[in-house]
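Comments concern the structure below.
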Amino acid sequence: MEPIDVIEGTALPLDRSDVDTDQIIPAEYLKRIERTGFGQFLFDSWRKDPDFVMNDQRYAGAKILLAGENFGCGSSREHAPWAIEDAGFRAVIAPSFADIFRNNCTKIGLLPVELPAESVRALMDAVLDDPSTTIVVDLPGRQVRAPGVDESFELDDHTHRRLLEGVDDIGMTMQLDDEIAAFETARPGWLPTV
Amino acid sequence: MGITLAEKVWERHVVHRAEGEPDLLYVDLHLVHEVTSPQAFDGLRAAGRPVRRPDLTVATMDHNVPTAPGPQDPISVRQMQALAENCAEFGVMLFPTGHIGQGIVHVIGPQMGLTQPGSVIVCGDSHTSTHGAFGALAFGIGTSEVEHVLATQTLPQKAAKTMAVTVEGDLPDGVGAKDVILAIIAKIGTGGGVGHVIEYRGSAIRALSMEGRMTVCNMSIEGGARAGMIAPDDTAFEYLEGRPHAPTGADWEHALDDWRGLPTDDDAVFDTEVTLDAATLTAFVSWGTNPGQTVSIDDVVPDPSSFVDTQKREAAERALTYMGLEPGTAIRDIRPDTIFIGSCTNSRIGDLREAADVLRGKQVAPGLRAMVVPGSMLVKAQAEKEGLDDVFIRSGFEWREAGCSMCLGMNPDQLAPGERSASTSNRNFEGRQGKGGRTHLVSPAVAAATAVAGHFATPADLRV
Ligand code: SF4
């Protein structure tokens, strides 16, 4: 996972709530066995509509995705954050996220930023009004800045450090091998194995 | 102060705890399928890491598998081959297509007796919550986490909040587990359970069979919850006893002693509490494009302007356009084109019996496509032993091989654009069952009655 620092760029305003993972990337594109190349299928069905915001060239090159509440609900497919990341986004800002989606984002270095609904609304309006509006997502300072918005966001210290350093979770856990082995020895013998 | 079922299971699995860090939890059972695992195995290979506990890992093919003869999508075939190769290379037990043990990942775990009270179970699939019906803490994970569990048999997890959803009273005739969970989601909303582990409680829940409990826990994720659980009791123990991986002899007695200590203490406190009155519940049908957009079958399609919240109103407007529905239309006046009985929510033997009871001696309405996809090859075999396949086929249903099938349309079982289904699955998202397809979520009994009536109906409607 690549370390994240300050993300600065324009944003794509996806003004909808309950955007589910089947919209982010439909099941038919989950058949790839590779980790990359999913960006071309991001919001695949909606993109067929010429009026869909992602087809508006003024938002091309956006690094930040702005969305409504409960973003990423539905399945556990990590293909959803992979697709968003692969399409060039570095952060998603929404009033709330589905748990598994948020968790998957933090595992791959896509920054999920939860802000109060009013602040997301203000950012959404600013970006709808002027697509060239630049938003700064300052991970070290846990702050989002844009014209008229200056808001800190919450992120637990552990995830904060992991994202700043881009750590390898598995490598970290493997250092606890003695504790895992001790736990395994103490497990009751009647527990099932396959 | 006492603690809850979820907290008890959690505490037993803490391998490592440190201030300011998530707990590292031990995983008792890791279920694997072909869609969310190939990149995880690649990760292991790249780092030269083995699977730590192949004896606690089981794989099956379900999402892509064809359920009828015919040409196969070469990309699906490649994904299933990748799983077979990965399992062979890393020593993981696999139930491939054609094997009697094959089936939907959340159907085969309980069927083999691998899903046991008090365990931590994970799978790269959000409906892992199904296994919570046994009092296991079971949750869906992403592919990076699948790799983490394969490599270490553990997973760092941030503490969850606890929510009690209590359903007291007797369910009216014709109202079942699927209606209960649809009513719960309608009440708490699709984001209502975010950050929580739900415990379903109350006399109506205790009265459910294990299969009904699995249906309820299955859809916890549709309410946003990380997991759903039900305290294990004699119903659970009876279901488990004698299954291939259940403990036996003295071990069974030890296990029972242990499991009886799991239920939530009387003085435990939940972070959030919700109650429903079972007697007021009816059969439910979804009208929109998320599982919170449901109403009673006696109701009408709601008017978007009745929603106070702007985003909810806009979502309802978009949903009705997508679904091709007018506000005020009676649910019973809506006519589906396809009936799908299957998915990890409703494809167990009890679900098939429920549908077959409605269909016995009746015919599917002309012009309707109807199919039953059993959740596993063993469910299929059991149903055939009981002659249920005959009931389905005579009434005009197709009788298929086991798999996820039209729940998500990764195989050829899909809705065509604009086609409308009555489906016993769990998600009515846009395009979930095929591009442009329109899904209405219902119980197996309503799906069967609807197949006969040609419009949404309950079994009782067929009797008048
Ligand atoms: S049946 Fe549907 S919800 Fe269940 S595991 Fe398969 S695709 Fe997922």
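Laboratory data are not the source of any read-out in this text; all were calculated from the coordinates shown. Not measured: the values here are computed from a predicted model. Positions of Cβ are backbone-derived with ideal geometry, glycine not excepted, and every protein chain shown enters the neighbour counts.
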Checklist entry - Which is among the aromatic types (Phe, Trp, Tyr), surrounded by 20 or more Cβ atoms within 10 Å (Cβ to Cβ), closer than 18 Å to A:Val137 by Cα and more than 16 Å from the ligand (Cβ to nearest atom), of A:Phe38, A:Phe97, A:Phe43? => result A:Phe97
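Matching residues to (1) within 17 Å of the chain's Cα centre (by Cα); (2) away from the ligand (no atom under 16 Å from the Cβ); (3) among the small types (Gly, Ala, Ser); (4) closer than 21 Å to B:His99 by Cα:
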| residue | (1), (2), (3), (4) |
| --- | --- |
| B:Gly342 | yes, no, yes, yes |
| B:Ser347 | yes, no, yes, yes |
| B:Val358 | no, yes, no, no |
| B:Pro366 | no, yes, no, no |
| B:Val372 | yes, no, no, yes |
| B:Ala383 | no, yes, yes, yes |
| B:Asp390 | no, yes, no, no |
Item to check | Residue count, the stretch A:86-125 (criterion: assigned to a loop (DSSP other than H, G, I, E, B) and either out of contact with any helix residue (DSSP H, G or I) (no Cβ under 6 Å at 6 or more places or on another chain) or at positive phi (or both)) | outcome: 8
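Select from the stretch A:11-70 the residues that are in contact (Cβ under 8 Å) with a residue 60 or more places away in the chain and either at the interface with another protein chain (Cβ under 8 Å from one of its Cβ atoms) or part of a helix (DSSP H, G or I) (or both) and list them in ascending order. Working first, answer last.
Pass one, the stretch A:11-70, residues in contact (Cβ under 8 Å) with a residue 60 or more places away in the chain: A:11-13, A:15, A:21, A:24, A:56, A:58-59, A:64, A:66.
Of everything in the stretch A:11-70, those that are in contact (Cβ under 8 Å) with a residue 60 or more places away in the chain and either at the interface with another protein chain (Cβ under 8 Å from one of its Cβ atoms) or part of a helix (DSSP H, G or I) (or both) turn out to be A:Thr21, A:Ile24, A:Arg58, A:Tyr59.
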Checklist outcome for this item: Of the residues in the stretch B:427-464 that are free of Cβ contacts under 8 Å to residues at least 24 places away in the same chain and more than 14 Å from chain A (Cβ to nearest Cβ), the one that is farthest from the ligand (Cβ to nearest atom) is B:Val464
Checklist outcome for this item: Counting only strands (runs of 3 or more DSSP E) wholly inside the stretch B:188-300, the ones holding at least 1 residues that are under 24 Å from B:Phe139 (Cα atoms) are B:196-201, B:227-229, B:272-277
Checklist entry - Of all residues in the stretch B:5-16, which are surrounded by fewer than 24 Cβ atoms within 10 Å (Cβ to Cβ) and either more than 10 Å from chain A (Cβ to nearest Cβ) or under 25 Å from B:Gly101 (Cβ atoms) (or both)? => result B:Glu7, B:Lys8, B:Trp10, B:Glu11
Checklist entry - How many residues are more than 10 Å from every other protein chain (Cβ to nearest Cβ) and surrounded by fewer than 21 Cβ atoms within 10 Å (Cβ to Cβ) if we restrict to the stretch B:240-261? => result 7
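Yes or no, residue by residue, for (1) basic (Lys, Arg); (2) more than 13 Å from B:Met214 (Cα to Cα); (3) away from every other protein chain (no Cβ under 12 Å); (4) surrounded by fewer than 24 Cβ atoms within 10 Å (Cβ to Cβ):
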site: B:Gly103; (1), (2), (3), (4): no, yes, yes, no
site: B:Ile121; (1), (2), (3), (4): no, yes, no, no
site: B:Thr128; (1), (2), (3), (4): no, no, no, no
site: B:Glu147; (1), (2), (3), (4): no, yes, no, no
site: B:Thr152; (1), (2), (3), (4): no, yes, no, no
site: B:Met163; (1), (2), (3), (4): no, yes, yes, no
site: B:Asp173; (1), (2), (3), (4): no, yes, yes, yes
Checklist entry - Which of the residues belonging to the stretch B:19-47 are at the interface with chain A (Cβ under 7 Å from one of its Cβ atoms), surrounded by 24 or more Cβ atoms within 10 Å (Cβ to Cβ) and closer than 15 Å to A:Arg32 by Cα? => result B:Val35, B:Thr36
Checklist outcome for this item: Residue count, the stretch B:408-426, condition surrounded by 24 or more Cβ atoms within 10 Å (Cβ to Cβ), away from every other protein chain (no Cβ under 13 Å) and either within 15 Å of the ligand (Cβ to nearest atom) or at positive phi (or both), comes to 3
Item to check | Complete set of residues in the stretch B:64-100 that are touching a residue at least 60 places away in the same chain (Cβ under 8 Å), surrounded by fewer than 16 Cβ atoms within 10 Å (Cβ to Cβ) and within 12 Å of chain A (Cβ to nearest Cβ) | outcome: B:Asp73
